[in-house]
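Okay, structure first, notes after.
The values are calculated or read from the model by the stated rules, or taken from the named source; none is laboratory data. Owing to the predicted nature of the structure, the values given are computational and were not obtained by experimental measurement. Methodologically, a virtual Cβ is constructed for each residue, glycine included, from the backbone with ideal geometry; neighbour enumeration extends over all protein chains shown.
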Amino acid sequence: MPPDFNPSYQVPNWGWWIVLYFFFGGVTGGVYFAAAWLDLFGDLRDRAAMRVGHLIAFPLILLSALFLIVDLGQPLRFWHMIFQSERFPEPIFKPYSPMSLGSGILFIFGVVSFLSFVDAVLGRSSLLHSPRNPIGKIVSVLGALLNVNNEPVWGDSPWLSALFLFSGISTGIAALLLLARRVASTTIEKLSEADNYMVLFELITLVVFLASLGAVGTRFIFGTPTIVLFAIVVVIGVLVPLAIHWRPGLAGGLRSASVLSAVLVLIGGFVLRWAVLAAPQGLGL
């Protein structure tokens, strides 16, 4: 990191495990958010895609947690992030600590996604998430709300949380579009339209985020290869998917367009986290 970027900033020494954690964590939250949206506002034709979302959200959150645990340096002590060592199993909750708060949110979201996962495996989403079960709706709302609790990583801009939120939902929808292939065309249209809005919001937020960094951030971004990473995010992860969404015929039809745009959105989502989390520490191109 350049010495004049932020004199008070302590380098966290985050590596690729944390980049992967934030990427897959965003995908996980986005997948469950999309499934919750279909549960709350979709119809019976959307139930298949919703079930796929519930089937993959829990394994993805386990994968995200694994990346975080490996990065700790002492993986076997990961449970100290959730429970008090001297008063086990009394939980630790320090709302002023981003690490403690994030661990608590991750744990609760894991429980919620596990309930939906079990329901999808055993009941084909006909038990907890049946169309007329209000408890399932509450679980969906809770899981969706947990998805929006992202802590800023750079203290220089309050817009980073919003940027990661929109990017996470977009990559989650993209993952669902890739994995939920045997679904109705109307469901694909709904997910593609929702992803279109999320990508557009991501672009707007990215512009505001970069502008909010001010002169120091501008010198950093345009003075290093980081500009290449942000260019990839804007072109590959945002502009091209938007063009494909608006003109699906360019990619050969709705289904093929949804696959291509989903792949590009996922690439853009990963590069975004690379640029924001790793590049400031010298893990650039």
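Can you give me the number of residues within segment 178-201 that are hydrophobic (A, V, I, L, M, F, W, C) and within 20 Å of VAL235 (Cβ to Cβ)?
So the answer is 4.
Number of residues in segment 95-145 that are modelled with pLDDT under 70, touching a His at 6+ places or on another chain (Cβ under 8 Å) and not small (Gly, Ala, Ser): the value is 0. Please determine whether any residue of segment 70-86 is touching a Ser or Thr at 6+ places or on another chain (Cβ under 7 Å), at pLDDT below 85 and among the hydrophobic types (A, V, I, L, M, F, W, C). Yes, because at least one residue in segment 70-86 is touching a Ser or Thr at 6+ places or on another chain (Cβ under 7 Å), at pLDDT below 85 and among the hydrophobic types (A, V, I, L, M, F, W, C).
Which ones in segment 159-195 are outside any helix (DSSP H, G or I) and of a type in the set (Val, Ile, Thr)? If you could, list the steps in order and put the result at the bottom.
Step one: list which residues in segment 159-195 are outside any helix (DSSP H, G or I), which gives 159, 180-184.
Answer for segment 159-195, where residues must be outside any helix (DSSP H, G or I) and of a type in the set (Val, Ile, Thr): just VAL183.
Only one of these is modelled with pLDDT of 90 or more, of a type outside the set (Gly, Ala, Ser) and touching a Phe, Trp or Tyr at 6+ places or on another chain (Cβ under 6 Å): ILE204, ILE169, ILE173, ILE236. Name it. It is ILE169. Can you find a residue that is at pLDDT 90 or above and either of a type outside the set (Lys, Arg) or buried (at least 22 other Cβ atoms within 10 Å of the Cβ) (or both) anywhere in segment 2-20? Taking every residue of segment 2-20 in turn, none turns out to be at pLDDT 90 or above and either of a type outside the set (Lys, Arg) or buried (at least 22 other Cβ atoms within 10 Å of the Cβ) (or both). In segment 254-271, the residues that are more than 15 Å from PHE22 (Cβ to Cβ) form Cβ pairs under 8 Å with partners that are charged (D, E, K, R) and in a helix (DSSP H, G or I), at six or more places apart or across chains, as follows: LEU254/GLU189; SER261/ASP195; ALA262/ASP195; VAL265/ASP195.
Quick one: in segment 261-275, which of the residues that are in contact with a Phe, Trp or Tyr (Cβ under 7 Å, 6 or more places away or on another chain) and at pLDDT below 90 is surrounded by the fewest Cβ atoms within 10 Å (Cβ to Cβ)? If you could, list the steps in order and put the result at the bottom.
Going residue by residue through segment 261-275, those that are in contact with a Phe, Trp or Tyr (Cβ under 7 Å, 6 or more places away or on another chain) are 269-270, 273, 275.
Going one step further and asking which of them are at pLDDT below 90, we end up with 273, 275.
Details: ARG273: 26, ALA275: 22.
Applying the filter and picking the extreme gives ALA275.
Checking each residue in segment 241-280 for being of a type in the set (Phe, Trp, Tyr) and over 22 Å from the mean Cα position of the chain (by Cα) picks out only TRP246.
Annotation note: Cβ proximity below 6 Å between a residue of segment 176-203 that is over 21 Å from VAL271 (Cβ atoms) and a residue that is among the hydroxyl-bearing types (Ser, Thr, Tyr) and part of a helix (DSSP H, G or I) (sequence gap 6+ or interchain) occurs for ILE188/SER258; SER192/SER258.
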